[in-house]
Structure formats: C-alpha cells, structure tokens
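A.B. asks: Below is the structure I would like to discuss, written out as structure tokens.
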Amino acid sequence: MLEDHQDTISLTYNARGSSGYCDFDKVKGLEGIYIANIFDKNHLLTDSDEKVTKKEAKKFQKTVITFDKGGEWKNIEPPERDSAGKRIICEDDCSLHLHSITSSFSPIYSNENAIGIILATGNIGRYLSYKEDELNTYLSRDGGLSWTELKKGEFIYDMGDHGAIILMADSQKATDTLYFSWNEGLTWEKILIDFPLEVENILIEPTSTSQKFLVYGEKDGKGITVAVDFSTYHEPMCRKPDKAGSSDSDYEIWRPQNLMSSGCLMGHKVEYVRRKQDAECFNGEEFERPKFIENCECTDEDFECDLGYYREESGVCTVIEGYVFSESECNENDFMYTVTGYRRVAGDTCQDGVSSQYEPMQIPCQDNSGMYFYMILAIGFAAGSLWALDKYGIQAKDLFSYFSKDTFDRSGFFSDLTKAPEGMEEEELGETKLDANEEEFDPRN
C-alpha cells in the first residue's frame, strides 16, 4: 500500500539498464523538457503465464517527451522529410524514437550553452530499432518540438562554440573522414585524416563554448587521438547581438514553447538571443546570452496529477487504486483545501486561464465530516465537468438538451391518470386515509 508523501506518478514502464541507469534525459538549459524511453505496456501485460524476456521487451520500446516536467508525456513528432529531401511516410502509431544511455548507440545530447539544440540517434516507426541499418542521426533546434534528419546512419557527435559548430564521425566502421557543419546541419564539409580510425568518441570542454575538439579511437589495437581546431578557420565573429532579429544582425530571438504552440513553457514566455542557423560565424567563448521573461495564461499543460493520482491515456487524472489519503487539516484561519486531482507543475508561473478549474479551492472547515465529503465530491465533479467542457468543446446547453420539451422521453408517463396502471390513480383530497397506527401530522404542534 502506498504511503502518503509528496511524490506522484509521472511515468510508468521506464526503460532501464542492468546497472540501474534509466533512459531519462533532461534537455539542458531549458525548463521542464525531458525525453524518456518506455516499454509498451500492451506487450508487457498479457494474460499469458510466460514471462517476457529482456530481449523481447527491447522490441517494444517507445520514446516520449514532456514539456511540463512530466505532467503529460507525448510521442515525438517525426520530420516530414529525410536528409535527402524525400517525403517520409509515417502512419499507424508512427513517431520518432531515440536511443539513450542504456543503449550502445550514440545517446541524446544537449548542452545548456547550445540553447534548444539536441543531437540524437534513432529511427521513425512504431518502436525503437536496434538494427544499425535502420538508424539515422537527428537534430532539434527548438528543444525537441520538431526534428530534422541530419544524416543517414549512426554517428558520434559533439557541439562547440555554443552550438555553432557540429562535428561528427561514423561510429559503425573505421573512417578517415570527419564531418562538420557551421549552420546546424544545413550543409556539411569534410575533414580528411591520414588513416582510417575506429572512432570511439568526440570530446570538447564541458561548456561547449570552445572551437577545439578531440577525436579519439583505435587503429591496429592502439589508442589514437586527433585534435581539431576550428579557431584556425578564420570565420568572422558574429555581429550585433544587441540588435537580434534585425536583418543586419547574425542573431535571432528564440522563444521556447510547448505542444500547445502558445509560445509559453512552464507558464512563461522566455526569449533567448542566439545565432541564426545560416549565419556562419563565431559566437566566441565569452558570449553571454541575453534572456527576457513574461508570464503566460494557464493552460492544461501547466498542471500535473496531484498526490495519489495518475494520468490515464485519455489525459484525465484518476485516483491510484489502494492509495491512502491523509485527512485534510484546517489552517490557522479555519480553512482547508479541496482536492481536484490536479496541481500546478513545480516552478510553473502561469496566471489565470484554467487555473480555477484545476487548483485546490479554499473552503471553510466543517464539523460535519459527511457534509465535507459530499462537498469534495461536488467540487471534484464540477472540476471534471469543466475540464471536459474545455478539453472537448462540449457546450453547457448540450448537457441539458435531453431534458427539453421536445426531446424528453415521456414513455411510461400519463397525462390522463385514469389510464395509469393500477395503484397510480389520483385520489381525491377528502378520501385520503391514514393507516390505523399512523398519527395525523398537525403543523401547529
């Protein structure tokens, strides 16, 4: 039986390795965005007595993303076209799936100094693939909201100069070619090294602000390190960060947003100044990214399931079976808070909007516990109804249309009571009789 504490269920069937590491990645530098791999419960929970092996379970892994600290998880929308420009046909529960820390393939990678940029290895389909010939390399420059296919195949990668430089190498076979991009994957150039190298990793200093990389691997069983210094390429410094968004500036203003496309994330609008994708110039290690914040109106994505509740596939928060709730206590002002099944995501700063539907209401304390119980039920029902009205666009008048004069079902009702079934005839007032043991009620007493 679950105990009463402040944690609540956000994600079930999270994929994890034998060492205990989980496929659960934070998109660094952005609030509330996480990417995780889960097992499809429809293939794990069966009526069969046979246990599903780890190898079989890996065939049914899916990747999901949240933009509200785990309040709600969604599939990742795949790109519309591949790296060759061909249209991608994606049907029947099809989405983008990405490898993470428990995999032997290159994992999801982001850095707080390359704001919004994510590099990852994966595939498009119903489930995550572990077949090398089905994997490609992907990039998102808006925090995971949309993705592009960078290259066919699986690569090792890293970023430098605040994300302005991407360096990659083939990880499946020995190679004498490194690939780099000045424009976040729009175009690629090659660097040839003197001998084929089995590349194991590409490294840069932890902040990803430098232009100097180390590529290390093996050749004939011996460790080899190759240094790549892009500061010698003499690209110009980026111009006018103080005039971001103007045509003569190399910088743009970027606003992270959630799936609702409201321009908001975690209840507020944040504006970042970052280099334009096609501006081939250096940011410089000392570049400081300006940031501006403004609060937003509350939406569904600003709320998660409350303590003792979990989110069903329909999106509704439902009580966890067997959960024991503690009794609500009166505060010093003789008020207590109702439970709606929802709570604001921690750190979310939204205002107004749907907050009155989801957030706990403050009510006077009641001595009569029964009255309090029914009050809670009424408030919970009202909150659920308001959620349905808002979520599915149901009009309030439709809820009562069945009781209108034209639609009410009158079968079994009689306007002429002489035709009613036996025992339903209307008795005249003077003929009403009392039971022998029944006392007559006198309102004056």
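The values are calculated or read from the model by the stated rules, or taken from the named source; none is laboratory data. The model shown is predicted, which means the values in this text are computed figures rather than measured ones. So basically every Cβ, Gly included, is an ideal-geometry build from the backbone, and we count neighbours across all protein chains shown.
A.B. asks: If we scan segment 206-216, do we find a residue that is within 17 Å of ILE165 (Cβ to Cβ), touching a strand residue (DSSP E or B) at 6+ places or on another chain (Cβ under 9 Å), assigned to a strand (DSSP E or B) and basic (Lys, Arg)?
C.D. replies: Yes.
A.B. asks: Moving on to the next point. Exactly one condition in (1) farther than 20 Å from ALA84 by Cβ; (2) part of a strand (DSSP E or B) is false for HIS162; which is it?
C.D. replies: Result: HIS162 fails condition (2) only.
A.B. asks: Here is a follow-up. Go through GLU280, GLU301, GLU285 for me and flag whichever is touching a residue at least 40 places away in the same chain (Cβ under 8 Å) and not in a loop (DSSP other than H, G, I, E, B).
C.D. replies: GLU301
A.B. asks: Based on what the data block shows, is ASP306 outside the structural domain of GLY32 (by TED's automatic domain parsing) and touching a residue at least 40 places away in the same chain (Cβ under 8 Å)?
C.D. replies: yes
A.B. asks: Of all residues in segment 345-359, count the ones that are touching a Phe, Trp or Tyr at 6+ places or on another chain (Cβ under 7 Å) and either in contact (Cβ under 8 Å) with a residue 40 or more places away in the chain or small (Gly, Ala, Ser) (or both).
C.D. replies: Residues meeting the conditions: 2.
A.B. asks: Additional query: Residues LYS131, LYS69, LYS86, LYS74: which one is over 22 Å from GLY163 (Cα atoms), among the basic types (Lys, Arg) and in contact with a Leu (Cβ under 8 Å, 6 or more places away or on another chain)?
C.D. replies: LYS74
A.B. asks: Would you call ASP278 more than 17 Å from PHE67 (Cα to Cα), surrounded by fewer than 16 Cβ atoms within 10 Å (Cβ to Cβ) and at pLDDT 85 or above?
C.D. replies: yes
A.B. asks: Quick check: is even one residue across segment 22-39 over 18 Å from LEU98 (Cβ atoms) and modelled with pLDDT under 85?
C.D. replies: Within segment 22-39, not a single residue is over 18 Å from LEU98 (Cβ atoms) and modelled with pLDDT under 85.
A.B. asks: So, one more: For residues that are under 14 Å from TYR109 (Cα atoms) and of a type outside the set (Phe, Trp, Tyr), tally how many sit in segment 128-149.
C.D. replies: 7
A.B. asks: Right, next: From the residues in segment 165-197 that are touching a residue at least 60 places away in the same chain (Cβ under 8 Å) and not in a strand (DSSP E or B), which one is nearest to the chain's Cα centre (by Cα)?
C.D. replies: Filtering first and then ranking leaves GLU184.
A.B. asks: A further question on this structure: Provide a single number: the residues in segment 68-120 that are of a type outside the set (Asp, Glu), over 29 Å from ILE202 (Cα atoms) and either touching a residue at least 12 places away in the same chain (Cβ under 8 Å) or in contact with a helix residue (DSSP H, G or I) (Cβ under 7 Å, 6 or more places away or on another chain) (or both).
C.D. replies: Count: 9.
A.B. asks: So which of TYR342, TYR272 ends up being within 30 Å of ARG239 (Cα to Cα), touching a Phe, Trp or Tyr at 6+ places or on another chain (Cβ under 9 Å), surrounded by 15 or more Cβ atoms within 10 Å (Cβ to Cβ) and in contact (Cβ under 8 Å) with a residue 40 or more places away in the chain?
C.D. replies: Criteria check complete, one pass: TYR272.
A.B. asks: Is it the case that segment 272-279 has a residue that's out of contact with any strand residue (DSSP E or B) (no Cβ under 8 Å at 6 or more places or on another chain) and among the hydroxyl-bearing types (Ser, Thr, Tyr)?
C.D. replies: no
A.B. asks: Here is a list: GLY217, GLY221. Which entry is free of Cβ contacts under 8 Å to residues at least 60 places away in the same chain and under 19 Å from MET168 (Cβ atoms)?
C.D. replies: GLY217
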